[in-house]
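The values are calculated or read from the model by the stated rules, or taken from the named source; none is laboratory data. Being a predicted model, the structure only gives us computed values, none of them experimental. Every residue, glycine as well, gets a Cβ built from its backbone with ideal geometry; the counts of neighbours run over all protein chains shown.
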Amino acid sequence: AQKVTQAQTEISVVEKEDVTLDCVYETRDTTYYLFWYKQPPSGELVFLIRRNSFDEQNEISGRYSWNFQKSTSSFNFTITASQVVDSAVYFCALSDNTNAGKSTFGDGTTLTVKP
Amino acid sequence: DAMVIQNPRYQVTQFGKPVTLSCSQTLNHNVMYWYQQKSSQAPKLLFHYYDKDFNNEADTPDNFQSRRPNTSFCFLDIRSPGLGDAAMYLCATSSLVGRVYFGPGTRLTVT
């Protein structure tokens, strides 16, 4: 069975601070996908990143960066110089390598960025 | 440029009155998914279609059914909505191992 744990339920930061959202997963699959999604108050799930389990390179996209460590089953997400528009619920998700959309989601972390 | 469209965005139905939610896609993906997301919870997969093959999650209640008449459209039918079925329903598509695209969701209220 797959499991995703996002231990941080809520995080509050002041604008321009860096913030890291933690994600720890469990799976018996040897190959799998990991995802991060952003869900603003409107409710739509916005795709941020997909990572294959065999690709452990860290990823940077603008102010966003991801640290994937297979040894600790973690896939953490860092926002650098946070902005008010980053306020949202962030979900980490896991799927096997045969069906990317059949995902198990973590419970989400609510990020509030204050001006 | 919307790629996954859900209608309506907000739906109010009465307890026990059947309701249908609609999803369409312009991506020509062969897989379509329905997720249920209750307030302050994670999205939970209800079922998915791989082409015309229907795949139900083991714990999806019988009250929920789905139809996929063609590649572009997929419907979620709730036969007898209860108060506990009030939620956001998210439709998604993918090419099975590609990126997953979510629609904006339909927020269902049961009165």
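Of the residues making up the stretch A:26-81, those that are among the aromatic types (Phe, Trp, Tyr) and either touching a helix residue (DSSP H, G or I) at 6+ places or on another chain (Cβ under 8 Å) or under 20 Å from A:Asn99 (Cβ atoms) (or both) are A:Tyr32, A:Tyr33, A:Phe35, A:Trp36, A:Tyr37, A:Phe47, A:Phe54, A:Phe75. Please work out if B:Leu21 is in a strand (DSSP E or B), at pLDDT 95 or above, under 20 Å from A:Ser42 (Cβ atoms) and under 14 Å from the mean Cα position of the chain (by Cα). So B:Leu21 fits the description; yes.
Does A:Ser74 satisfy being surrounded by 12 or more Cβ atoms within 10 Å (Cβ to Cβ), more than 21 Å from B:Gln41 (Cβ to Cβ) and either of a type in the set (Phe, Trp, Tyr) or free of Cβ contacts under 8 Å to residues at least 40 places away in the same chain (or both)? No. Has the stretch A:89-101 got any residue that is within 14 Å of chain B (Cβ to nearest Cβ), surrounded by fewer than 22 Cβ atoms within 10 Å (Cβ to Cβ) and either part of a helix (DSSP H, G or I) or under 14 Å from the mean Cα position of the chain (by Cα) (or both)? Yes, the stretch A:89-101 contains at least one residue that is within 14 Å of chain B (Cβ to nearest Cβ), surrounded by fewer than 22 Cβ atoms within 10 Å (Cβ to Cβ) and either part of a helix (DSSP H, G or I) or under 14 Å from the mean Cα position of the chain (by Cα) (or both).
Counting only strands (runs of 3 or more DSSP E) wholly contained in the stretch B:41-82, the ones carrying 1 or more residues that are basic (Lys, Arg) and either loosely packed, with under 14 Cβ neighbours inside 10 Å or within 13 Å of chain A (Cβ to nearest Cβ) (or both) occupy B:44-50, B:64-67. Scanning the stretch A:1-57 for residues that are of a type in the set (A, V, I, L, M) and under 27 Å from B:Glu57 (Cα atoms) yields A:Ala1, A:Val4, A:Ala7, A:Val24, A:Leu34, A:Leu45, A:Val46, A:Leu48, A:Ile49.
Note on the stretch A:102-115: residues that are at the interface with another protein chain (Cβ under 9 Å from one of its Cβ atoms) and assigned to a loop (DSSP other than H, G, I, E, B) amount to 5. Of all the listed residues (B:Asp77, B:Asp53, B:Asp85), the sole one being acidic (Asp, Glu) and without any contact (Cβ under 8 Å) to a residue 12 or more places away in the chain is B:Asp53.
When residues in the stretch B:95-111 are screened for being farther than 18 Å from A:Arg50 by Cα, out of contact with any helix residue (DSSP H, G or I) (no Cβ under 6 Å at 6 or more places or on another chain) and either part of a strand (DSSP E or B) or within 13 Å of chain A (Cβ to nearest Cβ) (or both), 6 of them pass.
Check the stretch B:87-94 and report whether any residue there is outside any strand (DSSP E or B) and within 14 Å of chain A (Cβ to nearest Cβ). Checked against the condition, which is being outside any strand (DSSP E or B) and within 14 Å of chain A (Cβ to nearest Cβ), the stretch B:87-94 yields no hits at all.
The set of residues in the stretch B:67-99 that are under 13 Å from B:Gln25 (Cβ atoms), among the aliphatic types (A, V, I, L, M) and more than 14 Å from the chain's Cα centre (by Cα) is empty.
Elements of the type strands (runs of 3 or more DSSP E) sitting completely within the stretch A:21-79 and holding at least 3 residues that are under 30 Å from B:Thr106 (Cβ atoms) and within 11 Å of the chain's Cα centre (by Cα): these cover A:32-39, A:46-52, A:74-79.
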